[in-house]
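Chemist: Following this message is one structure expressed as structure tokens.
No lab work stands behind these numbers, since they all come straight from the coordinates. Predicted, not measured: the structure shown is a model, and the values here were computed from it. Every residue, glycine among them, receives a Cβ derived from its backbone with ideal geometry; neighbour counts consider all protein chains shown.
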Amino acid sequence: MDKEQLIDTITELVLKELGVSSPQRQPEPGSVVSPKSIRVPVGISNRHIHISREDLDVIYGKGYELTVRNPLNQPGEFAARETVTLVGPRHAIERVRILGPVRRHTQVEISQTDAIVLGLQPPVRVSGDIENTPGITIVGPKGTLVLKQGVIRANRHIHITEEDARRLGFNDRQLVAVRTINTDKPTLFYDVMIRISQKAFFELHIDTDDGNAAGLKTGDEVEVVL
């Protein structure tokens with residue numbers, strides 16, 4: 001028993017003798033009261049585009065295949081060598097990376113800072129939920145695509161396998177909070193969605209605005225608040 005525990009024990013005994021209830025000890029500022037600590041590595045997502053087979057044919061040519069620049073942590077996904085230019089009502093952003101493989105629908109994921117530059121007001125959405133979202137013009141080396149909808153600010157989310165989710169007691173699309181650890185700008189993120197799949201790399205995905213605001217970089221660890 002250390003000195004602080006000894007003092008607490010003596011205090012409780014004295015209060016009990018006096019018939020006074022012991023006040024509940026308050027947590028230290030910035031601490032999290034949790035039955036268990038779950039730490040998760042961070043992945044910072046820069047602006048990027050997921051593209052359909054049909055739209056890839058338009059901007060890069062019929063039958064064009066994406067080439068792998070580097071694999072991503074999520075199984076089967078990769079950053080392609082191919083990039084595009086995004087053209088909004090206000091400005092354009094060049095060299096926006098395509099992520100592969102191709103998907104059913106084209107989706108552009110940007111930060112709020114990017115949205116201001118482009119002159120758009122995209123909502124925060126779960127990946128794949130593109131109904132009633134802004135469109136944008138996408139320029140490639142072989143053609144130009146006018147996307148009617150599909151621009152979002154991706155919600156904060158944690159990828160996790162079914163097995164690990166059962167072990168940790170998470171449900172799909174459950175919302176949790178996450179706090180930073182050992183940064184000079186302590187931050188608590190709310191409404192972080194659990195995304196469960198058969199194959200996944202356990203990782204928190206946030207955009208560059210969130211990462212910069214909290215002083216985080218890819219590979220840092222944060223703690224899930226339960």
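Chemist: Between residue 94 and residue 191, with labels modelled 7 Å along Cα→Cβ, what's the label distance in nm to one decimal, could you check?
Modeler: 3.5 nm
Chemist: Return 131, 163 ranked ascending by Cβ neighbour count within 10 Å, so the fewest neighbours appear first.
Modeler: Exposure proxy ranking, most exposed first: 131, 163.
Chemist: Long-range amide H contacts for residue 78: which residues qualify at under 5 Å (H placed 1.01 Å from N, peptide plane, sequence gap of 5 or more or a different chain)?
Modeler: 72, 100
Chemist: Okay, next question. Sort out for me the Cα centre separation of the range 182-206 from the range 93-107, rounded to whole Å.
Modeler: After rounding, the separation between the Cα centres reads 22 Å.
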